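The values are calculated or read from the model by the stated rules, or taken from the named source; none is laboratory data. This structure is a prediction, so every number in the text was calculated from the model and none was measured. Cβ: placed from backbone, ideal geometry, glycine included. Neighbour counts: every protein chain shown. SASA here: full protein model, heavy atoms, side chains in, ligands and nucleic acids out. Shrake-Rupley method; radii C 1.70, N 1.55, O 1.52, S 1.80 Å.
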Amino acid sequence: MPDVKHFDPEHVLDQVVELFWRRGSTSAGVADVVAATGLSRSSLYSTFGGKQELYLAALRRYVERRSRPVLEALAADGRGLPAIAAFFDQLIRARCEGPHARWGCMVSNAHAGVGGPDGEDARVRQVLDEHHARLRAAMAAALGTARSRSQLRRGVEVEATADVLALLAYGVNLRSRAGAPAADLKATVTAALQALSAPNPREGE
């Protein structure tokens, strides 16, 4: 008879995401995965493969379930700079409040070397590169809308600025994990967006 799994692999993967997100794969060993999921090593390996495969599956799930919907919403938002401001407000709240406060972002953690057991894994690098491309594209879409609404200061270059804002998002994620106060993160984002904004017509009066 075929082996019948007495657990839900999707639920187990969600548990693994939280473990690797919070602790990083380098410090979370297979024994920690066993403890978090309640499964045996043999069940984990037969379902997901080794630790690197398990980490890769968790990273992909994090991107698809948590990152992609937020970036798609930003790209489709028609408000321009207010949409970018709202994106960062939501990001800071998620990083500094609630059950995942001070965990950072699993993707940013991986970029910083807090992630997978083998930083040279081309599959992990591909996930990170694809995520960065989506983040940058979402920022560029919002900036393009801002330009069409005359919200951008003269001389602001959309593509280069999208790169800057993507790096700012990574910075928020990493600094929040290190314990930076939400107020400080908000002040930094506000200053960055003010530098992009077209001057108020009344400012010259």
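Structure values in brief
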{"quantity": "Any chance Gly104 is free of Cβ contacts under 8 Å to residues at least 40 places away in the same chain, part of a loop (DSSP other than H, G, I, E, B) and open to solvent by less than 60 Å² (accessible area, probe 1.4 Å)", "calculated": "no"}
{"quantity": "Residues that are free of Cβ contacts under 8 Å to residues at least 24 places away in the same chain and of a type in the set (A, V, I, L, M, F, W, C), drawn from the stretch 1-18", "calculated": "Met1, Val4"}
{"quantity": "Qualifying positions in the stretch 149-173 - among the hydrophobic types (A, V, I, L, M, F, W, C), open to solvent by less than 60 Å² (accessible area, probe 1.4 Å) and either modelled with pLDDT under 95 or part of a helix (DSSP H, G or I) (or both)", "calculated": "Val158, Ala160, Ala162, Leu165, Ala166, Leu168, Ala169, Val172"}
{"quantity": "Count of residues meeting criterion [open to solvent by 60 Å² or more (accessible area, probe 1.4 Å), of a type in the set (S, T, N, Q) and under 15 Å from His111 (Cα atoms)] in the stretch 15-40", "calculated": "1"}
{"quantity": "Which numbered condition Gly179 fails, given (1) of a type outside the set (Ser, Thr, Tyr); (2) in a helix (DSSP H, G or I); (3) within 19 Å of Ala110 (Cα to Cα)", "calculated": "(2)"}
{"quantity": "Filter result (in a helix (DSSP H, G or I) and touching a residue at least 24 places away in the same chain (Cβ under 8 Å)) within the stretch 20-37", "calculated": "Phe20, Trp21, Arg22, Thr37"}
{"quantity": "Boolean, Ala137 is within 17 Å of Ala76 (Cα to Cα) and either assigned to a loop (DSSP other than H, G, I, E, B) or open to solvent by less than 80 Å² (accessible area, probe 1.4 Å) (or both)", "calculated": "yes"}
{"quantity": "Options Ala146, Ala191; residue that is in contact with a strand residue (DSSP E or B) (Cβ under 9 Å, 6 or more places away or on another chain), farther than 23 Å from Arg66 by Cβ, in a helix (DSSP H, G or I) and not β-branched (Val, Ile, Thr)", "calculated": "Ala146"}
